[in-house]
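None of the figures in this text is laboratory data; all of them are computed from the coordinates on show. These numbers come from a predicted model, not from an experiment. Neighbour counts are summed over all protein chains in view; Cβ atoms, including those assigned to glycine, are modelled from backbone coordinates with ideal geometry.
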Amino acid sequence: MPTTGLTVEVLLTPEDLRESLLADARRGLTARPKSLSPVWFYDEHGSALFDEITRLPEYYLTRAERGLLEAHAAEIAAAAGADTLVELGSGTSDKTRLLLDAMTATGRLHRYAPLDVSEDTLRAAAAAVAREYPAVEVHAVVADFHRHLDALPGGRRRLVAFLGSTIGNLTPEQRRRFLFDLDCALTCDDRLLLGVDLVKDPGRLVAAYDDARGVTAAFNRNALSVLNRMLDASFDPGMFEHVAEWNADDQWMDIRLRATTEHVVKVGALDLDVRFQRGEDLHTEISAKFTPERIVDELAYAGFVSEGTWGGGGDFMLVLARPYC
Ligand code: SAH
Ligand code: AVI
């Protein structure tokens, strides 16, 4: 059935995505230690695996954030007073419905603009929201939040949500730049709603990233299948083990793939042979954990004033912030 009130804007074409993946693979697979950007995880299969992760007993993050939204979305919606909800890295837009409901109840919401690099997942999620919220115009944007913050959809007053602790997957340098760029992209009336995971017992953190059923391991190895398909590479995901470790110095989880034997992988699109030693790591992701003070300080450094925080004493925190004007 056709869905009215739905538009999809493509700022990142499949060719653009391939170009940036090529550049990332060339840099990361020839570096010491080897690394890849976490953006590789999110093809259609990877997005489905992430969705499965969010329901694992060990992965407390999504449940904790959902609980905060259930309890406080009405207060957040009233404080933001927005007519447009922009969401960065929106994925399946699942928890977003709590915000959409609360913002609809204020009588102001006109538009929902989900933005994601994963086009298939974005299109499906945007179409579902458009069907469920016929009074809301849905404007989906296929884009990279590292590159396209200057082209966010407009609105009289926007709430820009960045949920799920996805900000934790950015390196400190990327995070600083991202927050500065976002601050520049917002007007004085706009608000930012940021979801961050908090520092806690390392045992719980490691379990959340190395679950008993091995879904996170499959999610991690899926990056290799994406490389095989998109860059004509010859990775055998079965020759890598999933490693998830708490890095106490940097306060983040390090996620890696460790070669179980010495072998060579061909990357056809780069005309490159990549040798792995037995036990050599390919770093695929960090997932930073914050203290409430640290994230509020980082926001302030980038030009944001925190207007409210929820959940600071528990597992996960939401921060509502405005640009300093
Ligand atoms: N916000 C959802 C999904 C989190 S998973 C939640 O809270 O559950 C992270 C999402 O960010 C994925 O959908 C992934 O495709 C997207 N993403 C990762 N890097 C991105 C980038 N550079 N630009 C845009 N989206 C990105
Ligand atoms: C999307 N992001 C916040 C997840 C996280 O918790 O860092 C990605 C993930 N990686 C392994 N499990 C989940």
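For region 166-257, a simple Cβ point-charge model (Lys and Arg +1, Asp and Glu -1, everything else neutral) yields a dipole of about 180 debye relative to the Cα centre. Normalised by 2.2 N^0.38 Å, where N counts its residues, the alpha-carbon radius of gyration of region 126-204 equals 1.31.
With a cut-off of 11 Å between beta carbons, the residues surrounding Ser37 carry a summed charge of -2, where Lys and Arg count +1 and Asp and Glu -1. Determine the shape class of region 157-238: with a ≥ b ≥ c the square roots of the Cα gyration tensor eigenvalues, call it rounded for a/c under 1.5, and otherwise prolate if a/b is greater than b/c, oblate otherwise. Verdict is oblate for region 157-238. Whole-Hz Karplus values for region 294-304 come out as 5, 6, 5, 5, 5, 5, 5, 4, 8, x, 9 Hz, taken residue by residue from phi with 6.51 cos²θ - 1.76 cosθ + 1.60 and θ = phi - 60°; glycine and proline positions read x. Would you mind calculating the relative contact order of the chain from Cα pairs under 8 angstrom and at least 6 residues apart, reporting the percent as a whole number? Relative contact order here is 21 percent. A cysteine counts as unpartnered when no other cysteine's C-beta lies under 4.7 Å of its own; in the chain this applies to Cys184.
Candidate cross-link partners of Lys266 among the lysines, defined by an alpha-carbon separation under 26 Å and a same-chain spacing of 8 or more, comprise Lys34.
Annotation: extensible slack from Ala79 through Glu9 equals 22.3 nm (criterion: 0.36 nm per residue apart, minus Cα-Cα distance). Extension gain for Ser234 to Phe180 (0.36 nm times residue separation, less C-alpha to C-alpha distance): 15.6 nm. In this simple spin-label approximation, Ala71 and Asp51 carry label points 7 Å from Cα along the Cα→Cβ vector, and these lie 2.8 nm apart.
In loop segments of region 235-325 as defined by DSSP, the trypsin sites (Lys or Arg not before Pro) with at most 15 further C-beta atoms inside 10 Å of their C-beta are Arg278.
DSSP assigns beta bridges within the chain; of those with both partners inside it, close to 55 percent run antiparallel. Explain nothing, just the number: relative contact order of region 189-325, from Cα pairs under 8 Å at least 6 residues apart, as a whole percent. Worked out over region 189-325, it gives 29 percent. Just in region 200-295: which GluC sites (Glu not before Pro) are loop by DSSP and have at most 15 other Cβ atoms within 10 Å? Those that pass, being in a loop and sparsely packed, are Glu262. Could you name the lysines whose alpha carbon sits less than 28 Å from that of Lys95, not counting residues in the same chain fewer than 8 places away? Within reach: Lys200, Lys289. For the pair Asp201 and Thr106, a Förster radius of 30 Å applied to the C-beta separation gives a FRET efficiency near 0.20, rounded to the nearest 0.05. Anisotropy class assigned to region 108-168 is oblate, per the alpha carbon gyration tensor with a/c at or over the 1.5 cut-off and a/b no larger than b/c.
Note on the chain: with charges restricted to the Cβ of Lys and Arg (+1) and Asp and Glu (-1), its dipole about the Cα centre is near 180 debye.
Can you tell me the relative contact order of region 82-154? Whole percent, Cα pairs under 8 Å, sequence separation 6 or more.
Dividing the mean separation by the residue count of region 82-154 yields 36 percent.
Take the Cβ atoms of Ala212 and Ala31, set R0 to 41 Å, and the FRET efficiency comes out at 0.80. For region 101-124, the residues whose amide N sits under 17 Å from a probe point set 7 Å from the Cα of Asp94 along the beta carbon direction are 118, 121-124.
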